[in-house]
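Asks: Structure incoming, see below.
The values are calculated or read from the model by the stated rules, or taken from the named source; none is laboratory data. The model shown is predicted, which means the values in this text are computed figures rather than measured ones. Cβ placement follows ideal geometry from the backbone for every residue including glycine, while neighbour counts extend to all protein chains displayed. Note: areas computed on protein heavy atoms with side chains; ligands, DNA, RNA excluded. Shrake-Rupley method; radii C 1.70, N 1.55, O 1.52, S 1.80 Å.
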Amino acid sequence: MASDVKLTVCADPAALAETAAHLIVDAATEAVRERGRFMLCLAGGETPRATYARLALPAFSERMRWDRTWVFFGVLSRVPIPPAQIFRMCAEHADGDGAAAAYAAALAEAFGTRRGELPRFDVVLLGLGVDGHTASLFPGSPVLREVFRTVAAVHVAAAQIPQRLTLTFPVLNAAARVVFLVTGPEKAKIVRTVLSEPARLPAALARPTDGELVWLTDRAAAALHPVGEAQ
Ligand code: 6PG
């Protein structure tokens, strides 16, 4: 396993959601203290849902400065984030490239970045597909080699939702902290592949250049990985 990966294996999905919610609240507290705001990129898919539900519970929600939190990609429900600070990706737009350019402009405005500068998220949450995809960065996709655009429209014929928007690797790898949330026995093979072999799978390319790479898995997803012992 690459030395820069901080792997935490939780006993089960509930324990992972708890650990992830604590990580997000701690990162938010630090970001607001140091920079006045917390820039969070959500992950799609099923796995993070339990974490989002945890964040809405008083034990976590009352510790979050939702008024100083900006959320990208998706929507967090049942938490008091000012609507102007929620940036949902409108992948359903017929003009995918237009929607990608619009989202890239919204990102630049929210982060105050100029042309050629990359937004630096405090936390980017990512999931892992059984084929090694993450975000909507799929194996073999030309967008894996994207170096300029921050957001791209992708068409994934085999996917349930073929028309998608995705953040690109330059943005993911500019983050202060990239956090993978991965659970379930069906992910054990791909977790071993991505973590132990320098596979050129998309998820293996998510490595912050100046930030932390955290993998939170449950015991089932880490079952085939050499160091898969629960914390
Ligand atoms: C997306 C997700 C996607 C997801 C994986 C894993 O945009 O749909 O970001 O990359 O994380 O497909 O999904 P599950 O958590 O449902 O297994």
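Asks: Please report, as a whole percent, how much of the solvent-accessible surface of the chain comes from carbon and sulfur atoms (probe radius 1.4 Å). Working shown, then result.
Replies: On the way: 6080 of 10910 Å².
Taking all protein chains in place, the chain shows 56 percent carbon and sulfur surface.
Asks: Taking the Cα centre of the stretch 126-230 as origin, sum charge times position over the Cβ atoms of Lys and Arg (+1) and Asp and Glu (-1), and report the length of that vector in debye to the nearest 20. Don't skip to the answer; put the middle values down first.
Replies: Values: 10 positive and 8 negative charges, 37 e Å.
It comes to approximately 180 debye.
Asks: Right, here's the next one. Are there DSSP H segments in the chain that both extend 30 Å or more along their axis (alpha-carbon positions) and score a mean Kyte-Doolittle hydropathy of at least -1.0? List them, or say none.
Replies: On the way: long enough: 13-35 (32 Å, 0.25).
Those that pass (Cα extent of 30 Å or more, hydropathy at least -1.0) are 13-35.
Asks: Given only helices, namely DSSP H runs of n ≥ 4 each adding -39500 (n - 2.57), what is the per-residue ellipticity at 222 nm of the chain, to the nearest 500 deg cm²/dmol?
Replies: Details: 6 runs with 63 residues, N = 231.
Rounded to the nearest 500, it is -8000 deg cm²/dmol.
Asks: Please give me the summed charge of the neighbours of residue 65: other residues whose Cβ is under 15 Å from its Cβ, Lys and Arg +1, Asp and Glu -1. The partial results should precede the final answer.
Replies: Working: positive: 33, 35, 37, 63, 68; negative: 26, 30, 34, 62, 67, 122.
Computed value for this residue: -1.
Asks: Further question: Kindly report the accessible area of the chain per residue (heavy atoms of protein chains, probe 1.4 Å, no ligands, DNA or RNA), in Å². List each step's numbers first, then the result.
Replies: Working: 10910 Å² over 231 residues.
I get 47 Å² per residue for the chain.
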